[in-house]
Amino acid sequence: MRLSVLVIAVFLHTFVGVPVGGADVGPIMPPRECSSIVVNNHGHPVFGTNFDHATVDEGLVFINKRWVGKSGLHPSVDGEYARWTSRYASITFNLVGFQFAWAGMNEKGLTLSTMSLNDTEVPAPDERPPLDSGEWMQFILDTCATVEDLV
């Protein structure tokens, strides 16, 4: 539990400028590059990342509940939508709205963060129900307890 509280505190301070420990240093300006790290703190992983979006300077923090039915925004070429029910609660940082996570952590401790790569090419639509990157991240936080579940 202490690790979760620490990660959330660092997360809130880094992404939305919430003061941690009484020191108000204000929001951090977005850099041009992005990076993510995990540091071993006496056998406990501490996750950190920077906010790398150059055109958005504000975000939203959401608490996502268990047992909520969800679906993707866009259909496959066959008209099918991705549908799932959240198994795990999570806290997410979102740029464009609810269910489009940029970063987050679920109640099992699974933590994800987005890193941009401008040269990424999205595959052409097919019969699989699509999820954009924010929807995919929310799906993973909703349905996976571990990295092994994700894989």
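Here is how the numbers come out for the structure above:
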| quantity | calculated |
| --- | --- |
| From the options Asn64, Asn50, residue that is at pLDDT below 90, surrounded by 11 or more Cβ atoms within 10 Å (Cβ to Cβ) and polar (S, T, N, Q) | Asn50 |
| Index of the failed condition, Leu95 passing every other in (1) touching a His at 6+ places or on another chain (Cβ under 7 Å); (2) open to solvent by 40 Å² or more (accessible area, probe 1.4 Å) | (2) |
| Identity of the residue in the range 101-114, at pLDDT 85 or above and in a loop (DSSP other than H, G, I, E, B), that ends up surrounded by the most Cβ atoms within 10 Å (Cβ to Cβ) | Leu110 |
| The range 72-92 - residue that is under 19 Å from the mean Cα position of the chain (by Cα) and open to solvent by 60 Å² or more (accessible area, probe 1.4 Å) and, of those, nearest to Leu141 (Cα to Cα) | Arg87 |
| First in the range 92-105 and closer than 16 Å to Asn50 by Cβ, second anywhere and among the small types (Gly, Ala, Ser) and surrounded by 20 or more Cβ atoms within 10 Å (Cβ to Cβ), Cβ under 6 Å, 6 or more apart | Phe93/Ala103; Ala103/Ser113; Gly104/Ser90 |
| Count - residues of the range 115-151 that are open to solvent by 30 Å² or more (accessible area, probe 1.4 Å) and either within 16 Å of the chain's Cα centre (by Cα) or among the aliphatic types (A, V, I, L, M) (or both) | 14 |
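The values are calculated or read from the model by the stated rules, or taken from the named source; none is laboratory data. Because the structure is predicted, anything quoted here is derived from the model rather than measured. Positions of Cβ are backbone-derived with ideal geometry, glycine not excepted, and every protein chain shown enters the neighbour counts. Accessible surface areas use protein heavy atoms only, side chains included; no ligands, DNA or RNA. Shrake-Rupley method; radii C 1.70, N 1.55, O 1.52, S 1.80 Å.
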